[in-house]
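Data first, discussion second: the structure below is written as structure tokens.
All of the numbers you see were taken from the coordinates with simple rules; none came from a lab. Predicted model, so just to flag it, every value in this text is computed and none were measured. Quick reminder, even Gly has a Cβ in these numbers, built from the backbone with ideal geometry, and neighbours come from all protein chains shown.
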Amino acid sequence: PLPSVLPKFFNVEPAPLLGGSGTESAMQPAFEEVFAGAANRIAVTMFSSNVGRIIAIAKAAKKVGRHVAVVGRSLKSMIDAADKCGYLEDCPPLLGDKEASDIKGSKMVYLVAGSQGEPRSALARIARDDHSFIELGQGDLACFSARAIPGNEKKINEVINNLVSRGVRILTANDAPIHVSGHAYADDIKALLSWTKPE
């Protein structure tokens, strides 16, 4: 179904969303609550380019006594670039997937690439039980901290179905405040214009 914010006819310009889109740091308490309430392994999938989300998740995990491991090439590449640019100075340590395999699952949060259901992504391989180091199963939790890009729904649902068939619980932004949009809402645009004061 189409989102309710879209007009009935596509040739009509949609009105901007009101309010603000929310901030990455404001989600940390929500992740803390989710992580504290989970007994077993937790996987969080998101857009790999969202460095702010990575930091919020890492801080939330540390607060509840969990380690964070990075799973997937795109996430690792983005984190390496962010580290070189100095954006991860206040981010808790991030482990690799090999290191994480030696730590008790109930102490782990896995940051996993593949939020859009890419068949060769780390999350899709974990869902198929085809990953070299990481597995998810009965009683574990997979958090989808991203909205589906239109057209990717079928691939995402296939990954979710594979996870559910293994006994993994699924949490999305419809269930908990674990995602904010990267697209500006009306108040965000107003704030930007007030700061930049364009002619």
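Modelled spin-label separation between LYS98 and ASN152, with each label point placed 7 Å from Cα along the Cα-to-Cβ direction: 2.9 nm. Within the set (1) 19.4; (2) 17.9; (3) 18.4, the number that Kirkwood radius over Cα pairs in Å takes when calculated for this structure is listed as (2). Pairs exceeding 20 Å between alpha-carbon atoms, taken from LYS76/LYS154; LYS107/LYS154; LYS63/LYS104; LYS76/LYS98: LYS76/LYS154; LYS107/LYS154.
Close amide H contacts of MET108 (hydrogens built in the peptide plane, cut-off under 5 Å, sequence separation of 5 or more or a different chain): ILE42, HIS67.
Between helix 73-84 and the chain there is an angle of about 70 degrees, using the helix long axis and the longest principal axis of the Cα atoms.
What does the highest-first list of 149-156, 40-47 look like by mean Cβ count within 10 Å? Each step should come with its number before you reach the end.
Numbers: 149-156: 13.1, 40-47: 23.1.
Ranked by mean Cβ neighbours within 10 Å, highest first: 40-47, 149-156.
Assign one of three labels to the stretch 50-158, namely rounded, prolate or oblate, based on the Cα gyration tensor with a ≥ b ≥ c the square roots of its eigenvalues; rounded applies when a/c is under 1.5, prolate when it is not and a/b is larger than b/c, and oblate otherwise. It comes out oblate by the Cα gyration axes.
Each label point was placed 7 Å from the Cα along the Cα-to-Cβ direction; for ILE189 and ILE170 their separation is 3.3 nm. Computed from label points 7 Å out along Cα-Cβ, the spacing between SER106 and GLU135 is 1.9 nm. Between the listed residues VAL64, SER49, ALA81, the Cα displaced farthest toward the positive end of the dipole of the chain, a dipole computed from Cβ unit charges relative to the Cα centre, is found at VAL64.
Does anyone have the angle between helix 51-63 and the longest principal axis of the chain? Alpha-carbon axes, 0 to 90°, nearest 10? Long axis of 51-63 versus the principal axis of the chain: about 50 degrees.
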